[in-house]
1. Enumerate the calculated ³J(HN,Hα) couplings along the stretch 36-47 in order (Karplus 6.51 cos²θ - 1.76 cosθ + 1.60, θ = phi - 60°), each rounded to whole Hz, writing x wherever the residue is Gly or Pro.
2. For the chain, what is the calculated [θ] at 222 nm in deg cm²/dmol (nearest 500), taking -39500 (n - 2.57) for each run of four or more DSSP H residues and dividing by its residue count?
3. List the residues, sorted by chain then number, that are 5 or more residues from F39 or on another chain and whose placed amide H is less than 5 Å from its amide H.
4. Considering only protein heavy atoms and a probe of 1.4 Å, how much of the accessible area of the chain is carbon and sulfur, as a whole percent?
5. Accessible area per residue for the chain in Å², computed with a 1.4 Å probe and the full protein assembly in place, what is it?
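The values are calculated or read from the model by the stated rules, or taken from the named source; none is laboratory data. Being a predicted model, the structure only gives us computed values, none of them experimental. SASA here: full protein model, heavy atoms, side chains in, ligands and nucleic acids out. Shrake-Rupley method; radii C 1.70, N 1.55, O 1.52, S 1.80 Å.
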Amino acid sequence: MCFWSYLYLVVPKRVYEGIFSERFGQLILNSIGINLIVFDEQLERIIRWIS
């Protein structure tokens, strides 16, 4: 198994809703297969776990 399957990129909600919600961001996520953890900076909570 590739080490990428164990790594997660942690980004704040505003970043996910910005670049990663756009077509280019989705292309990057899907082509490279990056795992994401999205967190709310104000609540200090994970709001989305994408693998």
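1. 10, 10, 10, 10, 8, 5, 6, 7, 6, 9, 6, 10
2. Using -39500 (n - 2.57) per qualifying helix, the result is -8500 deg cm²/dmol.
3. Under 5 Å from the amide H of F39 lie the amide H atoms of V11, K13, I47, each far enough along the sequence or on another chain.
4. 58 percent
5. Each residue of the chain exposes 81 Å² on average to a 1.4 Å probe.
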